[in-house]
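The values are calculated or read from the model by the stated rules, or taken from the named source; none is laboratory data. Computed from a prediction, not measured in an experiment: that's the story for all the values here. Cβ placement follows ideal geometry from the backbone for every residue including glycine, while neighbour counts extend to all protein chains displayed. For accessibility, only protein heavy atoms count, side chains too; no ligands or nucleic acids. Shrake-Rupley method; radii C 1.70, N 1.55, O 1.52, S 1.80 Å.
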Amino acid sequence: MMAMSSSATASNAPLTKRQRTSPYPTWFFLPAAIIYGVLFLFPTFSSIYFSLTRWTLFDSTFIGLDNFAQFFREPFLIQGVINTIIFALVTCTLKVVFGLGLAVLLTSDIRMRALLRSIVFFPVLVSAVGVGIAFTAMMHPTRGIINIALDLVGISGPGWLTNPALAIYSVALVEVWRGVGLATVIFIAGIMSIPQDYYEAARIDGASAWERFCYITLPLSRPATVTVIILSFIHGLRNFELVWAMTRGGPGFASDVLASVIYKQYQAGFYGLSTAGNVVLFVLIALMAIPLYIYLNRREGHQ
Amino acid sequence: MADLALKSIHKSYGSVEVIKGIDLDIGHGEFVVFVGPSGCGKSTLLRMIAGLEEITSGELYIGEKLCNNMEPRDRGIAMVFQSYALYPHMSVYDNVGFGLKLAKAPKEERDRKIREAARILQMEHLLERRPSQLSGGQRQRVAIGRAIVREPEVFLFDEPLSNLDAALRVDMRMELSKLHQQLGATMIYVTHDQVEAMTLADKIVVLNNGEVQQTGAPIDLYKNPANLFVAGFIGSPKMNLSPVIAGEVSGSRIALGGEGLEQLSYAFDGHRQKPGDRLTLGIRPHALKISETGPVKGKVDLVERLGNETIINFRLGNGEQWLAVVDGDAPIGRGGAVAFSVAESDIMLFDENGENVRCLVSAVDGEI
């Protein structure tokens, strides 16, 4: 080890030059580059190209930015963007809050901890469409089990998916139920990586359980929190399956998100237009997620 | 400052008993060191005093208060951890002041105490840094600072020097000793390093297998170990130990058999030994003096010259390896014969159970 590093520093300049010109390392890079190129770069750039064309899947005519102009004139686009952001914010916030709470519970000394951890994670394994159909049934205004249960305690439940003002929030709650398991697992990993010594030192310093949570758990599980925020925020912005399975954007267009607006155009045969919509969605996610990521990580660096 | 009393303290994890009934009194302002090999229960005992481990049975008094079920913060203790456990997201200032902040001390008072602790530990220039920007020794200081500001009645140290390099360890040891004099607080210190124990302690508690082997001043433990375990554990290099058989008893004297040690004879005050008893003879390496007519004879295997002293590895007539520590310039060569004399008061004898028989030695025969 020592010999290696000393020889590396001693002959630093010539070695780097040789490394640069040698083709040998390129062979290691090639398989990954091919997979990445075929599966990511090619579709991305071709979709950017097709978004500039009138496209029937078999032939395409270049029409410049017309698709984008038309996409932005779409009457329910604004509603879709607002819903997308609401959906992302609500699911992201609730996943962080519940995920952290559950993780604290599931890292404490409770009975059947392993079993409870599996139960919390279980919804992650179920397909979004399956979850969507099940919850659509449960959220039926008169025959759904949720409102029947509420009736029993004398509350008349709302039309979870039929009330236009409520539909997007109902879907968001289901997404939280479905995705909180993953957030919890990430938080559990974050909390378990905090050395027990800090908690013991804090107990000696006189910290109550709540103060230990605020001063130790919360700041020291920050990397996990950043991961959960970024992942669930992006997931929220991209969400499609659950909305489609539960409301198809309805009632009317009340719960349309960007992805469902795009899908409807695709269904209608406007392939170039829907591809343009996807490019817009990609840019929107990048514009929101990248600054958020930089912001969260910069604050981490300061701490 | 307070005294402590441990009364028949037990600790079990399930059916495994790790602390087997410890009775101990620690005086006000005393520096007490718990020492023992890994797994002897010394850290567990300290953590029970701190309140981080439950006491299975027995009573713990700090001052006049029964503390068995008291929260750590109410016990009037502060603890320095082996890992230091400095909060990585807080500055040194906030680390030191964390306990005061939780206790809702006024800001001015907090600031004054933090700066006072920093002054005592000479770390005023470090207050704005984060733990990750500190060296091992500096972290150690901060951890001690965090303990000082709480003005505890009892300081607890859990192997605080074991993460430091050898030179720094010696420095910090001296500083801890000075700090104890300066603060005059009761301190309990856990270590597996008998040199730390010897140098720091007013009183050493030697633990093994969850039981107290001996309690006493360092020099008492060195001069008069209660049993074979303490004899072997305290002192460096280790005491030479060889099995011997009690021979003829004449008057108050007993002859000792054992190949290579045939013609030693001792005087006892108790006459509890009888011919044929299996005993263990113990002589510290430093107690052996080169003397051509000495009774301890052997063949030199290895000579380690350290400058100020020389460690001689030699083999007795029965093949057992012994050590002797003699002057740095002693004219000893490898492979040669060597003989040592030993002062009567430096000879120890342990019975079959490993207990020191506290012999009174009157003479050692001159020949082999």
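Numbers for the structure displayed
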item: Highest-first arrangement of B:231-243, A:237-249, where packing means the average Cβ count within 10 Å; result: A:237-249, B:231-243
item: Computed magnitude of the charge dipole of the range B:1-144 (debye, nearest 20; Cβ of K, R +1, Cβ of D, E -1); result: 560
item: GluC sites (Glu not before Pro) restricted to the range B:113-180 and DSSP loop, no more than 15 other C-beta within 10 Å; result: B:GLU128
item: Around A:TYR198: net Lys/Arg minus Asp/Glu count, Cβ-Cβ under 14 Å; result: 0
item: Cross-link table B:LYS11/B:LYS107; B:LYS65/B:LYS101; B:LYS178/B:LYS289, entries beyond 29 Å C-alpha to C-alpha; result: B:LYS11/B:LYS107; B:LYS178/B:LYS289
item: Residues losing 50 Å² or more accessible surface upon assembly, the range B:88-114, compared with the chain by itself, 1.4 Å; result: B:HIS89, B:PHE98, B:LEU102
item: Cα gyration tensor shape of the range A:77-302, rounded if a/c is under 1.5, else prolate or oblate by comparing a/b with b/c; result: oblate
item: Residue among A:LEU89, A:LEU152, A:LEU284 with the largest mean-square fluctuation in a Gaussian network model of chain A, springs linking Cα atoms under 10 Å; result: A:LEU152
item: Whole-Å semi-axes of the range A:191-274's equivalent ellipsoid (Cα gyration tensor); result: 47, 13, 8
item: Base-10 log of normalised Debye intensity for the protein assembly as shown (one unit scatterer per alpha-carbon) at q = 0.06, 0.07, 0.09, 0.12 Å⁻¹; result: -0.61, -0.75, -0.98, -1.24
item: Positive-end extreme of charge dipole, the protein assembly as shown - chosen from B:ALA231, B:VAL32, B:GLY319 (charges on Cβ); result: B:VAL32
item: For chain B, built as a Gaussian network whose Cα springs stay under 10 Å, the top-fluctuating residue of B:GLU17, B:GLU211, B:GLU159; result: B:GLU17
item: Alpha-carbon Rg with Dmax, taken over the range A:125-195, Å; result: 15.8, 51
item: Heavy-atom surface of chain B, accessible at 1.4 Å and reported per residue (Å²); result: 44
item: Sulfur and carbon atoms: percent of accessible area, the range A:220-285 [1.4 Å]; result: 66
item: Buried solvent-accessible surface, both chains (B, A), 1.4 Å probe, Å² to nearest 100; result: 2000
item: Estimated [θ] at 222 nm from DSSP helical runs (n ≥ 4, -39500 (n - 2.57)) normalised by residues in chain A, nearest 500; result: -23000 deg cm²/dmol
item: Cα-based Rg and Dmax for the range B:172-228, where Dmax is the largest Cα-Cα distance (Å); result: 12.1, 36
item: Fraction of accessible area attributable to carbon and sulfur, chain B (%, probe 1.4 Å); result: 46
item: Chain B: C-alpha pair distances exceeding 36 Å, %; result: 37
item: Residue among A:VAL180, A:VAL257, A:VAL97 with the largest mean-square fluctuation in a Gaussian network model of chain A, springs linking Cα atoms under 10 Å; result: A:VAL97
item: Mean Cα-pair separation over length for the range A:77-302, i.e. relative contact order, pairs under 8 Å, 6 or more apart, %; result: 30
